[in-house]
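Below is one structure, written out as structure tokens, with a few remarks after it.
The values are calculated or read from the model by the stated rules, or taken from the named source; none is laboratory data. From a predicted model like this one, the values you see are computed outputs, not experimental measurements. Ideal geometry is used to build each Cβ from the backbone, glycine not excepted, and the neighbour counts take in all protein chains shown.
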């Protein structure tokens, strides 16, 4: 049964990633292959498997939930792009002004509001597929995966 779930999760992740890569014209990877490189497909596939196992999704739940979760993650990434650009520009600028710092603060405030809105929207969608217990386990597993991923990247 676990093999079937794993297969379906991987298949749906690959399908979602393929469509996403086609739409965006490729992945975001650093050319040096060093510490800064990021394999988005690998990250998503590992995260999907981790979450599927941690919240014990059935095959039917995984087929519906994992694409929704990937969609939420992609939307959160997209709403954060502008703030990341502002932060990157600010870090490159040698003569930083208070106005530039305030622009980043305002962007982060708006970003938090947009992400909170997405979380509320998707919570309602998740409730149609998962139990409240599974949603709480998902939220914990999501945080746990990110923490573990960051720890491993720093090594």
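Every listed requirement among (1) surrounded by 13 or more Cβ atoms within 10 Å (Cβ to Cβ); (2) farther than 20 Å from residue 43 by Cα; (3) at pLDDT 95 or above is met by residue 128 save one, (1). Screening the candidates 111, 104 for the property of being touching a residue at least 12 places away in the same chain (Cβ under 8 Å), more than 25 Å from residue 40 (Cα to Cα) and in contact with a helix residue (DSSP H, G or I) (Cβ under 7 Å, 6 or more places away or on another chain) yields one hit, 104. Please determine whether any residue of segment 37-51 is farther than 24 Å from residue 150 by Cβ, at pLDDT below 95 and loosely packed, with under 15 Cβ neighbours inside 10 Å. Looking for residues that are farther than 24 Å from residue 150 by Cβ, at pLDDT below 95 and loosely packed, with under 15 Cβ neighbours inside 10 Å, one finds none in segment 37-51, hence no. For segment 96-115, the criterion of being outside any helix (DSSP H, G or I) and surrounded by 10 or more Cβ atoms within 10 Å (Cβ to Cβ) is met by at least one residue.
When residue 55 is tested against (1) crowded, with 17+ Cβ neighbours inside 10 Å; (2) without any contact (Cβ under 8 Å) to a residue 60 or more places away in the chain, only condition (2) is not met. When you scan segment 137-149, do you find a residue that is in a helix (DSSP H, G or I), exposed (fewer than 11 other Cβ atoms within 10 Å of the Cβ), without any contact (Cβ under 8 Å) to a residue 60 or more places away in the chain and under 19 Å from the mean Cα position of the chain (by Cα), even just one? Yes, that holds for at least one residue.
Answer with yes or no whether residue 5 is modelled with pLDDT under 65, part of a helix (DSSP H, G or I) and within 25 Å of residue 130 (Cα to Cα). Against the criterion (modelled with pLDDT under 65, part of a helix (DSSP H, G or I) and within 25 Å of residue 130 (Cα to Cα)), residue 5 qualifies.
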